[in-house]
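Here's the structure, in structure tokens; my notes come after.
What follows draws every value from the coordinates through simple rules; no lab data is involved. Keep in mind that what you see is a predicted model, and the values were worked out from it rather than measured. Glycine also receives a Cβ, built like all others from the backbone with ideal geometry; neighbour counts cover every protein chain displayed.
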Amino acid sequence: MGSGIAQVAAHSGHKVLLYDSSKEALKKAVDKLSKILSRSVEKEKIQQDEADLILERIETVDNITAFQDCNLVIEAVVEDLGVKQSLFSKMEGIVEDNCILASNTSSLSITSIAGACEKSERVIGIHFFNPAPLMPLVEIIPAIQTSETVLKQARSLIDSWYKTTVIAKDTPGFIVNRVARPFYGEAIRIYEEGIADIPTIDWAMTELGGFKMGPFTLMDYIGNDVNYAVTETVFREFFYDPRYRPSFTQKRMVEAKRLGRKNGLGYYDYGERAIHPKPDKNETMGRQILTRIVCMLINEAADALFLNIATRDDIDMAMTKGVNYPKGLLKWADEMGVAKVLSELESLHEEYSEDRYRPSPLLKKMVAKSRTFY
Ligand SMILES: NC(=O)c1ccc[n+]([C@@H]2O[C@H](COP(=O)([O-])OP(=O)(O)OC[C@H]3O[C@@H](n4cnc5c(N)ncnc54)[C@H](O)[C@@H]3O)[C@@H](O)[C@H]2O)c1
């Protein structure tokens, strides 16, 4: 992630210093950057001289003391609170008082990272999506301590990098990694119940729902270990709210090292001789699967709005620009009818008696008052 973010900043004309505690990782990052830029030149996306300039602007350093004159530091080290806190605390002793310290964390609390700093008002979350140069969305997450000035400066800087910024409250998963949980979790649940097999669920979500990738294809792409880790963190950080409970199916996939594309086997087989199982294209069943998963996603989006995690527009923007959803979930709710979404969730809640399916109070209020999101 670090090298991708460096590429974005350098592309916008900034001089960038790149540091990694592992020399090997740093060398790999530069090799990867050169390859990506050469490919962009071959595909005529950028000119050779522009690619050269981007590379020239990125300088690798072997010590963080080199950051002393930086105005912004974006941390993208391992997802470990202790490591991040210690790095932020060290960084404070190196940079000037007006330097913004940002974290690219996907799941840790920005407030707890800021808590390790004396001047915590300069700490903020700037969360890019992978791959950073291609994905337009960046979530900006102020900690409780972050000053208004730092929030404004950070947002306008990232906007100037031609990114779409949304503001999210510092809560587990921010917007995207919270709202998207049922895309994976509910798909796995449908599979576990034996309602449909994996290719059929993926087919329903892509062919009937318009999603670019089905849940299982996407989990294999992200890596089942990575996706499971985010699910587990979100569950724990939400004080074990059953809505976010991970599944045994996903845990077993990780235990069996069926990680997905990266090691050739996940929910699907990526080997050369693999046989690709065909979906059951029963449209009635496909629509039931799609409706169930989309209603669970809408419930998350509505609850995020209810709890002021972000605005209506930012929640819809985040899901279309961060994970390529075919449309914003709140807009989708209006199209389906908020009352239909609520009744779908209420019947799931009734059928299973599980808190996982409890409808957001916002949906109930809206139906009572016949309101729509837009
Ligand atoms: N991978 C993604 O899709 C993704 C997306 C958005 C955000 N993020 C976040 O970005 C961060 C990095 O993720 P990643 O996937 O690039 O991880 P990664 O494990 O590929 O890279 C982390 C790098 O940090 C280095 N490192 C570890 N401790 C360090 C220290 N003290 N000082 C300097 N370097 C150190 C490691 O050598 C490694 O090269 C995480 O916080 C993650 O949550 C990842």
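Observations on the model:
- Inter-site label distance for Asp269 and Ala229 at 7 Å from Cα along Cβ, in nm: 2.9
- Normalised convex hull volume, the chain, alpha-carbon set, Å³ per residue: 153
- When Phe248, Phe216, Phe238, Phe306 are arranged by Cβ crowding within 10 Å, least crowded first, meaning fewest neighbours, the order is Phe248, Phe306, Phe238, Phe216.
- Evaluating 6.51 cos²θ - 1.76 cosθ + 1.60 at θ = phi - 60° for every residue in region 118-128, the Karplus couplings come out as 6, 9, 6, 5, 8, 9, 8, x, 10, 9, 8 Hz, glycine and proline recorded as x.
- FRET efficiency, Asp80 to Ser353 (Cβ-Cβ, R0 45 Å, nearest 0.05): 0.75
- Summed residue charge, Cβ within 12 Å of Glu139's Cβ, Lys/Arg positive, Asp/Glu negative: +3
- For Val95, Val41, order by how many other beta-carbon atoms lie within 10 Å, fewest first: Val41, Val95
- Take every DSSP beta bridge whose two residues both sit in the chain; close to 35 percent of them are antiparallel.
- Residues listed by number, region 206-226, amide nitrogen under 16 Å from Glu283 label point at 7 Å toward C-beta: 206-210
- Cut-off of 10 Å, at most 10 other beta carbons, DSSP loop: longest stretch of the chain lacking such trypsin sites (Lys or Arg not before Pro): 44-272
- Between Glu24 and Arg312, the FRET efficiency from the beta-carbon distance, with R0 = 41 Å, is close to 0.35.
- Principal axis box of region 2-170, alpha-carbon based, largest edge first, Å: 46, 32, 26
- In degrees, nearest ten, helix 312-322 long axis to first principal axis of the chain (Cα): 80
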